[in-house]
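The values are calculated or read from the model by the stated rules, or taken from the named source; none is laboratory data. As the structure is a prediction and not an experimental result, all values here were calculated from the model. Note: ideal-geometry Cβ built from the backbone for every residue, glycine included; neighbour counts use all protein chains shown. In case anyone asks, the SASA skips ligands and DNA or RNA and just uses the protein heavy atoms, side chains included. Shrake-Rupley method; radii C 1.70, N 1.55, O 1.52, S 1.80 Å.
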Amino acid sequence: MLTEGRISINGKIVKELGTRIDPDQDQVTVDGRLVSERPPLVYWMLNKPDLCLTSRAREEGKATIYDLPSLRQVKFLLYPVGRLDYRTEGLLLLSNDGELVHRLTHPSFKVPRTYQVLVQKRLTDEEEGKLRRGVTLDDGATQGVDLQFIQTVDMGQSRGAWYMITVREGRNRLVRRLFEHLDNKVVKLLRYSYGDLHLPESLKPGEYRQLTSQEIQSLKNAVGLKD
């Protein structure tokens with residue numbers, strides 16, 4: 001389009017590849033039409049449902065969050081803050097604020113993430129202590145976690161156990177791998193909070209809501225961002 005003379009900057013046709021503009025100052029037109037302004041910054045909390053990919057990359061037979069009715073018609077790119085795997089549910093932050101997304105997912109900021117997890121059996125006191133102190137996985141030693149036993153539940157032939165676990169690392173499938181390291185399978189996993197934000201009971205799976213100004217500021221404070 002540039003070499004064909006179809007693009008103008010501030011009323012002047014520009015044909016040089018690599019021409020730079022200031023999006024806050026310059027007016028760009030294509031075929032005489034003004035390029036619309038960038039979309040406003042949005043900060044959303046999605047209750048990610050089970051059996052749903054976070055990635056835009058598709059896998060055969062698996063839906064993604066971008067297939068959800070609530071997100072399907074969104075006209076601009078939204079980036080997830082971290083990943084929740086296919087079988088993990090709960091709080092997922094979405095935004096087009098690139099700097100905030102980058103900082104929230106960067107390991108140096110250690111933003112806490114809390115999960116409710118149902119496992120096949122209750123851990124022993126020794127096993128709980130190992131998780132709190134940190135264990136060594138195939139990609140290195142983990143930081144200690146906050147771990148709280150909630151209750152046992154009847155699972156037919158066994159007694160499962162619910163835990164609340166808080167991690168400060170963004171490793172892939174970390175919570176599942178921690179319990180698997182102790183030969184304990186995760187049956188259900190739900191992210192309950194991210195930083196100071198908690199998943200409200202009123203937010204149904206597949207739905208999202210806009211964060212409040214206070215919630216946005218809390219996230220920015222957690223990673224040292226100023227307005």
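Condition check ((1) in contact with a Leu (Cβ under 6 Å, 6 or more places away or on another chain); (2) of a type in the set (G, A, S)) across all residues:
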{"site": "R38", "(1), (2)": "no, no"}
{"site": "L41", "(1), (2)": "no, no"}
{"site": "L46", "(1), (2)": "yes, no"}
{"site": "A63", "(1), (2)": "no, yes"}
{"site": "Y79", "(1), (2)": "no, no"}
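Which of the residues spanning the stretch 202-226 are open to solvent by 70 Å² or more (accessible area, probe 1.4 Å) and farther than 19 Å from L84 by Cα? Residues satisfying the conditions are S202, Q210, S213, Q214, N221, K226. The set of residues in the stretch 119-129 that are out of contact with any strand residue (DSSP E or B) (no Cβ under 7 Å at 6 or more places or on another chain), farther than 11 Å from F179 by Cβ and surrounded by 10 or more Cβ atoms within 10 Å (Cβ to Cβ) comprises T124, G129.
Among the residues of the stretch 53-73, write down those that are more than 17 Å from the chain's Cα centre (by Cα) and either over 23 Å from R173 (Cα atoms) or open to solvent by 100 Å² or more (accessible area, probe 1.4 Å) (or both).
Within the stretch 53-73, the first condition is being more than 17 Å from the chain's Cα centre (by Cα), and the residues that meet it are 58-62, 69, 72-73.
Correct list: R58, E60, P69, R72, Q73.
Filtered by the rule that a residue be exposed (fewer than 12 other Cβ atoms within 10 Å of the Cβ) and of a type outside the set (K, R), the stretch 1-12 gives M1, T3, E4, G5, N10, G11. Selection of the stretch 53-91 for residues being part of a loop (DSSP other than H, G, I, E, B) and in contact (Cβ under 8 Å) with a residue 60 or more places away in the chain yields L68, P69, S70, L71, V81, G82, R83, L84, D85, R87.
With respect to the conditions (1) modelled with pLDDT under 95; (2) touching a Leu at 6+ places or on another chain (Cβ under 7 Å), Q157 falls short on a single one, namely (2).
One residue stands out in the stretch 33-48 among those that are touching a strand residue (DSSP E or B) at 6+ places or on another chain (Cβ under 8 Å) and at pLDDT below 90: the one that is surrounded by the most Cβ atoms within 10 Å (Cβ to Cβ), namely V35. Every residue in the stretch 75-90 that is of a type outside the set (F, W, Y), over 21 Å from K185 (Cβ atoms) and under 11 Å from the mean Cα position of the chain (by Cα), please. Listed by number, the residues that qualify are L78, P80, V81, G82.
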